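Take a look at the structure set out below.
Just so it is clear, none of the values below were taken in a lab; they were calculated from the coordinates. The structure presented is a predicted model; accordingly, all values stated were derived computationally and were not measured. All Cβ positions, even for glycine, are placed from backbone atoms using ideal geometry, and neighbour counts span all protein chains on display.
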C-alpha cells in the first residue's frame with residue numbers, strides 16, 4: 001500500500017517548507033521543548049495529536065493496532081523534531097523538506113501499514 005507515503009509527499013509539496021521556515025521551526029521546536037519540561041503540554045500533544053488525530057486516521061487504514069501505530073508515528077515525528085529544531089543536529093537542521101520526506105517516509109509507511117511485530 002503506497003497511499004500513506006503518497007499523502008506525505010503531497011502534503012510536503014502542498015506546504016513547501018511550512019515547518020522548515022524559521023517561524024514554523026521556532027514554533028515546533030518550542031512546543032517540543034516545552035513538552036519535555038511541562039507535563040500539561042506533553043499531555044495536550046498526546047491527546048490532540050496522537051489520540052484525536054493519528055489514532056482515528058490510522059484506524060481508517062484498516063490494519064489493526066491503531067494506538068500502537070499512532071504512537072510509533074508520533075515517536076518518530078517528535079524525535080526528529082527534537083533533533084532537528086531543539087538540539088540542532090546539523091545534518092537534520094539543514095536538510096530540505098524533500099530530503100526529510102524521502103528519508104522518513106519509508107519508516108512512517110512501515111509504522112502505518114507494515115509489519116510492526
Exercise. For segment 35-76, how many residues meet the condition of being under 10 Å from residue 111 (Cβ atoms), surrounded by fewer than 17 Cβ atoms within 10 Å (Cβ to Cβ) and within 13 Å of the chain's Cα centre (by Cα)?
Worked result: 2
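So how many residues does segment 84-117 have that are under 18 Å from residue 55 (Cβ atoms), touching a residue at least 40 places away in the same chain (Cβ under 8 Å) and in a helix (DSSP H, G or I)? Can you show your working first?
Looking only at segment 84-117, we keep the residues that are under 18 Å from residue 55 (Cβ atoms), and these are 108-114, 116.
With the extra rule that they be touching a residue at least 40 places away in the same chain (Cβ under 8 Å), the set shrinks to 108-109, 111-113, 116.
Remaining after also requiring in a helix (DSSP H, G or I): 108-109, 111-113.
Number of matching residues: 5.
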Exercise. Could you give every pair whose Cβ atoms fall below 6 Å, whose first residue belongs to segment 59-83 and is part of a loop (DSSP other than H, G, I, E, B), and whose second residue is surrounded by 13 or more Cβ atoms within 10 Å (Cβ to Cβ), counting only separations of at least 6 or pairs across chains?
Worked result: 61/113; 63/113
